[in-house]
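In what follows, a structure is listed as structure tokens, so that the remarks can point back to it.
The values are calculated or read from the model by the stated rules, or taken from the named source; none is laboratory data. Small disclaimer: the values here were computed from a predicted structure and weren't measured. Cβ: placed from backbone, ideal geometry, glycine included. Neighbour counts: every protein chain shown. These accessible areas exclude ligands, DNA and RNA; they are computed on the full protein's heavy atoms, side chains included. Shrake-Rupley method; radii C 1.70, N 1.55, O 1.52, S 1.80 Å.
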Amino acid sequence: MIFNSSRALELLRLSTGNPHAVFRESQEEAIRFLVEGRGRLLVVQKTGWGKSLVYFIATKMLRETPPLARANGPAILVSPLLALMRNQIQAAERIGVRALTINSENEDEWDRIERTIRHDEVDILLISPERLANERFRTQVLARIASNVSLLVIDEAHCISDWGHDFRPHYRLLERIAKALPQNVCLLATTATANDRVVDDLANVLGPNLQIQRGDLNRPSLKLQTIYLPAPVDRLAWLAEHVQQLSGSGIIYTLTIRDAVQVADWLKSRGLNVEAYTSETGDRRPELEQALLENRVKALVATTALGMGYDKPDLAFVIHYQTPGSVVHYYQQVGRAGRAIHAAYGVLLSGEEEKDINDYFIESAFPTRPEVETVVSALENSPDGLSVNDIMARINLTKGRIQKTLDLLSLESPAPVLKLGTRWQLTAAKLSEGFWQRANRLTELRRAEQKQMQDYVRLRSGHMEFLIRALDGNVENLTQPNLPDLSSAPDQLMVREALQFLRRVNLPIEPRLTWPVGGMPVHAVKGKIAPSHQAAPGKALCTWRGAGWGELVRKDKFAVGRFDENLLLACERLIREWNPTVEWVTCIPSLRHPDLVPDFARRLAERLGLPFEVALVKTGDRPEQKTMANSILQARNIDGALAIANGPIPSGPVLLVDDMVDSRWTITVASWLLRSNGSGKVFPFALALT
Amino acid sequence: MLSPNTQVTLLLTAPLITGQIESPDQLTSREYTKFRQLLAQFDLEPAVLISSSDLPHEVRGLVETDRYQQLLGRRSQLTQAVEFWTSLAIWVAGQTDEQYPKRFIEHMKDHAPPIVYGCGDTELLNTGGLAVVGSRDVDPELVEFTENVGRLGARAHQTLISGGARGIDQAAMRGAAESGGKVIGVLADSLERAAVNRGNRELLTDSRLTLITVFDPSAGFNVGHAMQRNRLIYALGDLRND
């Protein structure tokens, strides 16, 4: 097909809404390559270059003038983070590209979408790599259209490479599909960051004739800086001071959801207009993205949930509260700043807790050999297969670990386990040694990447050069904007404020509404817990070992054996502010530490001016709840372990005190027992949530 | 990864059952044999249909018909079917592949099945052995007798080959397996289910059982298929010393 250059430009101007827009370097070249059907193309261009324009315009051109003797069906786009493509989809719609997505969240629309596809009324179908593992998708959708797909787009293609920083197991399915496609199929793979090793690997996977188009990695508008501040309070103080002073709006990245929420709460308490943005933000995500786009918030405090595909040309700063796991992650995140403005800050704060967090991410990425053996042997003993809940009741692993083990095993080829309906079965295949070799290689690679980031943190100058070298880019002619370094020392008054803040936060304890799968055999209960017997919403003072009170709780519990006066005062203040209507206080009994919690609960009751009553007793010694890895085992472990003490139970509402709350089964059973025996509402209160 | 020859053969002859996709009319064994003979005249193999655009006139005439085009257009369906089989540890072999049972070619010549699907060790298929075929509905006495036949075969270190159906087939296979013998099941249907059947798992992973079929692994029971597969059992079951 002859490429119509003026039509391409017309589409560009329509989709950007800018009548004077022109193509950026090599965008037009990439579109031409695809439209002329010259084969498979890998585009390595930094975020913001406009990859989505390339594939949407190519899709439009392929669909409106179907080339002779070539497939003319819809394009398929595989991307790991579809939720963040809303902006691009709008741009696609402006040039009349009908884009539809099939994902786990729109299951009720699948029938309608499948019909639309059958009637050839979709131009581009957007799916996540996980969708490729879904049998319904494969048989009902993919099988019908795949032979006629006009263009296959693999977004974030580095995820295919197990040399990549961000290897995703489901992308292995894509590798097999890409390999089996006819050589002449139009394929576009895109990534923002791929070093030589990843590019070689992609050429290997996506075909020998893969054309590679590589852009420049330099970001002359970015002023990069690193500051080591081990204690969280110091970093909170630094943020409160500097975010205020920076012009424009930006993103503050944290490694965990908990940190994102805490940093956002802190900055809000200092009067800053910020919001947390995490995978738990749910329906508010589009609204928050829009607010940042329009500079209606100073910053979003985000996890990587705000990531690939988010494009705000005038983002003025990206600050990291903790060091990310690799240069590639860091470059991608910091590279969101300063795309279309002359100067922007990229500041990396580094703290003492980040190593543990990154270690955890690295170590939990793959199941261990014992985990695989445990799961396989549970299945071996159950010829009819097991659901995940069945497995949880049989082995001491968390639901997450069980699910991860099954998912990864089922993506092997041949796969040692297989899901038939809702049950997992063993197949006749054994797990190959290659699985472990791959796991080890990735773990080592991630360790090296983590080490490289530690080197980056220590840099005094040459930050951009360091990043570009690490990505095998060209380091000639690097320039940076004329911005001053930000001060690296936090204000000591602000540090004290931050400490006060951390000590004031408290956490909700949500009541459980149903008994575990399979019920509680000893208490003879199952299904839903009657609302009249549920716990009321409760509170905890802090997170176990967290910033604020967490460390003190741990020390008092294990080293001192008594919770000190400061904790008591903090709890009293919390409860007075919370103000649950309670008439008496009781606590969870323990055989292991018989006095610790009762002593504390008694002192707390005294301060609150309420009577303390022993209402519950332990019926026998059980293993500690924390040794039970999953919720079903934790529930079974507590089943029958508590009973009502002799003597009448006061009929008023009660404050139920415990030191640590983990699975919430103990307080659920205790509340149920108290209410069954005549008490009023039960308000749980704990020193720490684990 | 499938050899190009086998890919073309599957495209032309196999139903490639994945989901409820209606499949075009595949070549019958006879048609496939004719197609192979035509290629052989030009010293060509099936793979040329995907690897070369420069076909002799006679071959092109055939390949350009709608029926061939439709069949060969099922690339992605093939990929998915292969993905699915692989996930169940099912392999697939065409006549030019190493895993393909050599006895089929030797004994069946032009009637050798174009495609064999299987699960388990392919070496077992070249050992020859004792073939047992028989009725599904039999009385307990005959079952016991047949189990003994299986045991006897095992003790003589002969592979036992049968059809995996209820009645005589299963009795013979059970007898052999229980006595530590090696067993081949030549199935008429549902390889997909047999491959994940837990009773078979240990035997399959220990290389003591190999299941094969010439019908799509998802295909259900069909009287015609059940009859056709008996000659495959005979073909595997010769007791030469090789």
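Between the helical axis of A:433-457 and the longest alpha-carbon principal axis of chain A there is an angle of about 90 degrees.
I want the local charge near B:Ala226. Using Cβ-Cβ distances under 11 Å, sum +1 for each Lys or Arg and -1 for each Asp or Glu among the other residues.
0
Taking trypsin sites (Lys or Arg not before Pro) across the stretch B:77-115, none is in a DSSP loop with at most 15 further Cβ atoms lying within 10 angstrom of its Cβ. The A:Ala645 and A:Glu380 beta-carbon pair, evaluated with R₀ = 60 Å, returns a calculated FRET efficiency of approximately 0.85. Positive end of the dipole of the stretch A:466-619 (Cβ unit charges, origin at the Cα centre): among A:Ile468, A:Leu591, A:Ala524, the Cα lying farthest that way belongs to A:Ala524. Only protein heavy atoms count here; on that basis, with a 1.4 Å probe, A:Ser590 has an accessible area of about 40 Å². Exposed loop positions in chain B were taken to be chymotrypsin sites (Phe, Trp or Tyr not before Pro) whose DSSP state is not H, G, I, E or B and which have at most 15 other beta-carbon atoms within 10 angstrom. Between these positions, the longest stretch is B:43-220.
For the protein assembly as shown, give the share of DSSP beta bridges that are antiparallel, in percent and rounded to the nearest 5; count only bridges with both residues there. Here the antiparallel bridges make up roughly 20 percent for the protein assembly as shown.
Largest accessible area first, the residues A:Asp659, A:Asp200 order themselves as A:Asp200, A:Asp659 under a 1.4 Å probe with ligands, DNA and RNA left out. When only the Cβ of Lys, Arg, Asp and Glu is charged (+1, +1, -1, -1), the dipole of chain A relative to its Cα centre reaches about 580 debye.
Computed from phi, the 3J(HN,Hα) profile of the stretch B:171-181 under the Karplus parametrisation 6.51, -1.76, 1.60 (θ = phi - 60°) reads 4, 5, 5, 4, x, 5, 5, 4, 8, x, x Hz, with x in place of Gly and Pro.
Given R₀ = 22 Å, FRET efficiency for A:Lys555-A:Asp599 by Cβ-Cβ distance, to 0.05? According to the calculation, E is roughly 0.85. Is there a pair in A:Lys268/A:Lys681; A:Lys51/A:Lys399; A:Lys355/A:Lys404; A:Lys51/A:Lys404; A:Lys539/A:Lys618 whose C-alpha atoms are over 28 Å apart, and which pairs would that be? With Cα atoms farther than 28 Å apart: A:Lys268/A:Lys681; A:Lys51/A:Lys399; A:Lys51/A:Lys404. Shape of the protein assembly as shown from the C-alpha gyration tensor: oblate (a/c of 1.5 or more and a/b not above b/c, with a ≥ b ≥ c the square roots of its eigenvalues).
Overall size of the stretch A:506-689 from C-alpha positions, given as principal axis extents largest first: 42, 35, 27 Å.
Against the main long axis of the alpha-carbon atoms of chain A, helix A:5-16 sits at an angle near 20°. Extension gain for A:Asp621 to A:Ser532 (0.36 nm times residue separation, less C-alpha to C-alpha distance): 29.1 nm. The translational diffusion coefficient of chain B, from Stokes-Einstein at 37 °C and 0.692 mPa s with a Kirkwood hydrodynamic radius over alpha carbon pairs, comes to 175 µm²/s. In the stretch A:292-336, which residues have a backbone nitrogen under 19 Å from the label point lying 7 Å from A:Tyr228's Cα in the Cα-to-Cβ direction? Residues passing the 19 Å test: A:320-327. For A:Tyr277, the residues whose modelled amide H falls within less than 5 Å of its own, excluding neighbours fewer than 5 places apart on the same chain, are A:Val301, A:Ala302, A:Thr303.
Relative to a virtual label point 7 Å from the Cα of A:Glu64 in the Cα→beta-carbon direction, which members of the stretch A:19-58 show backbone nitrogen distances below 14 Å? Under 14 Å, as judged by backbone N against the label point of A:Glu64, lie A:56-58 of the stretch A:19-58. Across the stretch A:621-636, coupling constants 3J(HN,Hα) worked out from phi with the 6.51/-1.76/1.60 Karplus curve, θ = phi - 60°, read 7, 10, x, 4, 4, 5, 7, 8, 7, 10, 4, 5, 5, 5, 5, 4 Hz, and Gly and Pro carry x. Of the trypsin sites (Lys or Arg not before Pro) found in the stretch A:534-565, those that fall in a DSSP loop while having at most 16 other beta-carbon atoms within 10 Å are A:Arg545, A:Arg562.
Between B:Lys34 and A:Ser387, the simple label model (points 7 Å from Cα in the Cβ direction) yields a spacing of 5.4 nm. So which lysines can B:Lys34 reach, going by Cα to Cα under 18 Å and dropping same-chain residues fewer than 8 places off? Straight-line reach from B:Lys34, under 18 Å: B:Lys109.
Partner shielding of A:420-430 amounts to 5, given as the average count of beta-carbon atoms from other chains within 10 Å of each residue beta-carbon.
How large is Rg/Rh for the stretch B:110-186, to two decimals, with Cα atoms and a Kirkwood Rh?
On the Cα set of the stretch B:110-186, Rg over Rh gives 1.00.
Applying a DSSP loop filter and a limit of 15 other Cβ atoms within 10 Å to the GluC sites (Glu not before Pro) in the stretch A:84-147 leaves A:Glu121. In the stretch A:362-519, the alpha-carbon atoms span a convex hull of 227 Å³ per residue. Note on exposure: B:Met1, A:Met392, A:Met494 ranked by accessible area (1.4 Å probe, complete protein assembly) read B:Met1, A:Met494, A:Met392, with the most exposed listed first.
Relative to the longest principal axis of the Cα atoms of chain A, the long axis of helix A:257-269 makes an angle of roughly 80 degrees. Phi-derived couplings, Karplus 6.51 cos²θ - 1.76 cosθ + 1.60 at θ = phi - 60°, listed residue by residue for the stretch B:200-213: 8, 4, 5, 4, 5, 6, 8, 6, 9, 9, 10, 10, 9, 7 Hz, with x used for Gly and Pro. When shorter helices are ignored and each DSSP H run of at least 4 residues is given -39500 (n - 2.57), the per-residue value for chain A at 222 nm works out to -11500 deg cm²/dmol. Among A:Thr666, A:Ala688, A:Ser676, pick out the residue whose Cα is farthest towards the positive end of the charge dipole of the stretch A:617-690, where Lys and Arg carry +1 and Asp and Glu carry -1 on C-beta, about the Cα centre. Checking the options against the dipole of the stretch A:617-690, the answer is A:Ser676. In this calculation the C-beta distance from B:Glu141 to A:Lys355 is compared with R0 = 60 Å, giving a FRET efficiency of 0.25.
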